[in-house]
Structure formats: structure tokens, C-alpha cells
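Each reported figure results from applying straightforward, stated rules to the coordinates on display, with no laboratory input. On a predicted model such as this, the values are computed, not experimentally measured, just so you know. Reconstructed Cβ throughout: ideal geometry from the backbone, glycine too, with neighbour counts over all protein chains shown.
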Amino acid sequence: MIAKRIVIFALALSVLPVGAMAAEKAVVFPFDLIDQSQQFEIGLMPKGIDPEEKRRLQVITEELVRLMKESGRYEIVDTAPIAKDIDEKSPMHKCNGCEDDLAKKVGADVAFIGTVRKASDVLFTVSIYVRDVKGEKVVHQGSSEIYGNTDAMWLRAVKYIVERRLYADKGAAK
């Protein structure tokens, strides 16, 4: 009788939507741009970050937040309490583990760090790293090369990474 109740309970849990399960708390840090486009051009002054590319970094950060919320897998925590720290310690991909400390400050279990590596004006690699904050290690990662410098291309790369690289085997974020 007890075994029958356990089986019924387990079956009931298996049909619950993902959102009904407890979602992990996650922080999404702003994407960083790594500009290597002038690395080997001797004598040229660095151009600095293109305003459109800077805007696109914000656009794809917002898209990653949206996709993670919609997946039901994560409860996205607000970064406002650590905004000053993020500005001071950026770029996040080079802060030597500070992302884990910042994520802990806002109660996150998981941290998303994103980079866009610029090889030329039209060749980019978008990467997303998912860190287990307590374990202080990368648990998922994915990248996508794109040939184009438009909002649509950058957004498509983020969606592709989430759907096909990070959680392809888990069925999250469709």
C-alpha cells in the first residue's frame, strides 16, 4: 500500500510543469565585448567600442534574461544591489572569480557570464558560461560564431546557444 502511494506521488510530480518545481536563483551579468579586430594592425589607434555594439550587448543581455525567465528553470535575481560592484569589476570574464562573490551577494545559485569576441567588423563569437556559484565552477557553456553585425544576428546567436548548446539535453528554454 505504501509503495503504491509512493508510485502515485512520483507520477504526480512528473506531470507538474517545470514552473511548478522550485527554480534556481540566477543572476545574469551584462555581456562583455572582447575586441580583437585591431590586434594585429600595427600603428592604428584603437577605435574604442562602437556605440551600436555597446547597445547590442545590452539587447542580448536582456534576451538572455527573457529566455531564462521563460524557461521556468530560473528565478532571475535583480542586479541593482550589485550594480556598482559590476561596474567596478567588469569585464566579468576577467575578474578572477568575483562573479561568484557578486552572485552570492544577491542570493543566486547560478551565474550567467556572456562574452562577444569581435574578430572583425562582421565576424563575432558569442559565448555564454553558466557557473555554479557554490561550487565556483562552470557547469554549462556554449558558443556560436556569427557573420554579421546586426541585432538579429546577435539575438539569434543567444537563442541558439541557449536552445542547442546549454540545455539541449535538458529540454529547457524552448
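Only aspartates and glutamates eight or more places from K134 in sequence, or on another chain, were considered; those with a Cα closer than 15 Å are E24, E99, D100, D101, D109. Sites listed here are chymotrypsin sites (Phe, Trp or Tyr not before Pro) in region 78-174 whose DSSP assignment is loop and whose Cβ has at most 15 other Cβ atoms within 10 Å, and the list is empty.
Checking the cross-link pairs K84/K118; K25/K105; K69/K105; K104/K159; K89/K159 against a 23 Å limit on the alpha carbon distance flags K84/K118; K104/K159; K89/K159 as lying beyond it. Max-minus-min Cα coordinates of region 22-166 on each principal axis give 52, 31, 24 Å, with the largest extent listed first.
Our summary of shape: the Cα atoms of region 91-130 have principal axis extents of 38, 15, 11 Å, ordered from largest down, in whole angstrom.
Counting DSSP beta bridges in region 22-166, what percent are antiparallel, to the nearest 5? DSSP beta bridges in region 22-166 are roughly 65 percent antiparallel.
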